[in-house]
Amino acid sequence: MDDLDASELLALAAQLDVAAKDVAKRVYPVVKDHAQALRDQWRDNAKETVGSHGPHYVKAITAEQVPVTEEVLWEVGPESGLPQGGMGPGFEFGSRNQAPHWDGTRAAIGEEPKFVADIDKIVRELL
């Protein structure tokens, strides 16, 4: 393979920049949709398990975009600033007072293969 000259290298860099922007445009809605689906399934699971101990916990489970410039990043889970949001670790992993519920873990296990399949589809379309 021949070495690239400066003009070819600049052209390649420009193509990669366009490709990166295309990836972000395609990936953003997929990540957003799966983050919200994860939140919704986590909430549904929690509705079944928290009982009378967590009347506000379900609403504390949120999905929010993290503002970054180089990534598409979302956080999903109990928000500690909301009523009973700080109880998330106790509900999820258990405590000396209760067995673990695994609401978020079960939601993540269910959502992961769908997310991976959607990302895989995008990657294959870009190749």
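Since every read-out is calculated from the coordinates, none of them should be taken as a lab result. The model shown is predicted, which means the values in this text are computed figures rather than measured ones. Because the Cβ atoms are built from the backbone with ideal geometry, glycine has one as well, and the counts that use them run over all protein chains shown.
Selection within the stretch 69-99: residues that are among the small types (Gly, Ala, Ser) and in a strand (DSSP E or B). The member of this set that is nearest to TRP42 (Cα to Cα) is GLY77. Of the residues that sit in the stretch 69-117 and are small (Gly, Ala, Ser), surrounded by 13 or more Cβ atoms within 10 Å (Cβ to Cβ) and more than 28 Å from ARG26 (Cβ to Cβ), which one is farthest from the chain's Cα centre (by Cα)? Ranking the qualifying residues of the stretch 69-117, first place goes to GLY94. Checking each residue in the stretch 53-68 for being within 20 Å of the chain's Cα centre (by Cα) and surrounded by 14 or more Cβ atoms within 10 Å (Cβ to Cβ) picks out TYR57, VAL58, LYS59, ALA60, ILE61, THR62, ALA63. Pairs are defined by a Cβ separation below 9 Å, a sequence spacing of at least 6 or placement on different chains, a first member in the stretch 100-127 that is part of a helix (DSSP H, G or I), and a second member that is surrounded by fewer than 12 Cβ atoms within 10 Å (Cβ to Cβ); the pairs so defined are ASP103/GLU48; LEU126/ALA19.
Name the single residue, out of those in the stretch 30-47 being of a type in the set (S, T, N, Q) and within 23 Å of ASP120 (Cα to Cα), that is surrounded by the most Cβ atoms within 10 Å (Cβ to Cβ). Reasoning before the result, please.
As a first pass, look at the stretch 30-47 and keep what is of a type in the set (S, T, N, Q): 36, 41, 45.
Keeping just the survivors that are within 23 Å of ASP120 (Cα to Cα) gives 36, 41.
Values: GLN36: 14, GLN41: 20.
Out of the qualifying residues, it is GLN41.
For VAL50, all conditions in the list (1) of a type in the set (Val, Ile, Thr); (2) under 21 Å from the mean Cα position of the chain (by Cα); (3) buried (at least 18 other Cβ atoms within 10 Å of the Cβ) hold save one; what is the number of the exception? Single failed check for VAL50: (2).
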